[in-house]
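One structure below.
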Amino acid sequence: MTSDDAGGGGRDPLFRYDQPIFANEDILKISHLPGPDKIVGRDEHMSKVAQALNPAIFGREPTHLFIFGKTGSGKTLTARLVSERLQNEATRENVEVKIAVIDCGEQHTEASVIKTLASQVNNPSKSGMTIPERGLSTGDYYNRLWQVLDTCSDVTIVILDEIDMLRDDEVLRKLSRAGENQKIVDSRIGIIGISNKIDYPEELTERVKSSFAHDELVFPSYDANQLREILENRKDAFKPDVLTDDVIPLASALAAQEHGDARKAIDILRNAGRIARNESAESVTDDHVRAAKEKSEADRFSELLEGTATQSKAVLYSLVLQTGGRKTAEITTNKIYRQYLTVADDLDMDQLSERRVQELLQELDFLNVIQSEVRGRGRGQGVHGTHRLLEDPDIVRRVLLRDSRISTLE
Ligand SMILES: Nc1ncnc2c1ncn2[C@@H]1O[C@H](COP(=O)(O)OP(=O)(O)OP(=O)(O)O)[C@@H](O)[C@H]1O
């Protein structure tokens, strides 16, 4: 039924009952796992991950692996896909392989990693045990984990996404040691750590550095042609003939501009479809793609600012005003501070000291919202430093205006 005859069928005409744009929007979800024939440009990397995991097919310990690469370069996808294929092969050898995927951005303490791992592997009917959400000591969670591994799995592949967010890397040492030592657990463990930070191994504590043997693999970013192919492979998300010819080339070119980020390319395509749908358009055009790019950037930026206090937003807004619309403009702390005093006054907020504003700028730098270069503090001269935006000033301004208090400034 189309919206035209919706009223005739007794349906409420306030809503739409047709789906003119998407055939299956789920294909454009980031968590959607494409089939092996739809993976672009990662054959070599898949083989290397497979090599590291290969011993697991026969119940032996895999080689631990660190995978590095920029956002959206297919690290998580490759790790998950190869692990799942290995799991199938192992079943044929009567070896039970379990896969646990842990996002260390969310589970960053040792206890929460172990608890999550134990609950993902646990099969209560085999282990006779439950894993409580809270209430156990880290040591008790470890003891439950060993029992779960012994009863539920021959080999466990532990994928630690955003491994650089782990607050304590001791968990790597304990898991790898247990996987080698049948006195602790009679089950093997393979760890795949994933990170955007190529220098992460330098950050490991000496104890872990010397005991955690692993291979490393770097994923390059995609070029515009590869992004195009990745998007072409997800075209089934749309109804036939809905995408105009320019849509996929433009979405891939825009995503390739900063670095070839497949996540961004997919986001742009999905948002373009949604914008077209919300406008009740019959097809998706390059205008929708451009609007979607802005929306994706604003959403990403808004996530970075989540939980940021209004005072910080006022400081950031002051920096935006000082840039005069130029992303590359480098503004001194002092200029930002003078602007901030006016902004705080307009907002009827307490005026913070220059030193406190400098601290807030440092926090924004830490969040990757701005880039600061601090040149130390001259005696009696206040803080010297320059700051620049990492995102288009117009997008930053629009995201800041989503804050009800800041919005009163315009
Ligand atoms: N080579 C590829 N072929 C098909 N789809 C891909 C490819 N690489 C990435 N994708 C898709 O792009 C999205 C992002 O990929 P993935 O999550 O693996 O990136 P990542 O490198 O782990 O990024 P992050 O560091 O942000 O977690 C996913 O939806 C994934 O399926």
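Just so it is clear, none of the values below were taken in a lab; they were calculated from the coordinates. Only a predicted model underlies this, so the values are computations on that prediction, with no experimental measurement involved. Positions of Cβ are generated from backbone atoms using ideal geometry, with glycine treated the same way; all protein chains shown enter the neighbour counts.
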With a ≥ b ≥ c the root eigenvalues of the C-alpha gyration tensor of segment 307-409, is it rounded (a/c under 1.5), prolate (a/b larger than b/c) or oblate? oblate
For segment 211-342, what's the radius of gyration and Dmax over Cα atoms, in angstrom? 19.6, 59
Which order results if Lys293, Lys29 are arranged by neighbouring Cβ count within 10 Å, fewest first? Lys29, Lys293
Going down the table (Lys295/Lys327; Lys313/Lys335; Lys38/Lys264; Lys70/Lys174), which pairs top 26 Å between alpha carbons? Lys70/Lys174
Can you give the calculated 222 nm mean residue ellipticity of the chain, where each DSSP H run of n ≥ 4 adds -39,500 (n - 2.57) and the sum is split over every residue, rounded to the nearest 500 deg cm²/dmol? -14000 deg cm²/dmol
Return Ile189, Ile99 ranked ascending by Cβ neighbour count within 10 Å, so the fewest neighbours appear first. Ile99, Ile189
Global geometry of the chain, whether rounded, prolate or oblate, following the gyration tensor of its Cα atoms and the 1.5 cut on a/c: oblate
Evaluate the relative contact order of segment 307-409 (contact order divided by residue number), counting alpha-carbon pairs under 8 angstrom at least 6 apart; express in whole percent. 35
Tell me whether segment 42-219 comes out rounded, prolate or oblate; compute the Cα gyration tensor, take square roots of the eigenvalues as a ≥ b ≥ c, and use a/c under 1.5 as the rounded threshold. oblate
Take the alpha carbon atoms of segment 273-324, find their center, do the same for segment 56-92, and report the distance between the two centers in whole angstrom. 35
Only bridges whose two residues both fall in the chain count here: according to DSSP, what percent of them are antiparallel, nearest 5? 30
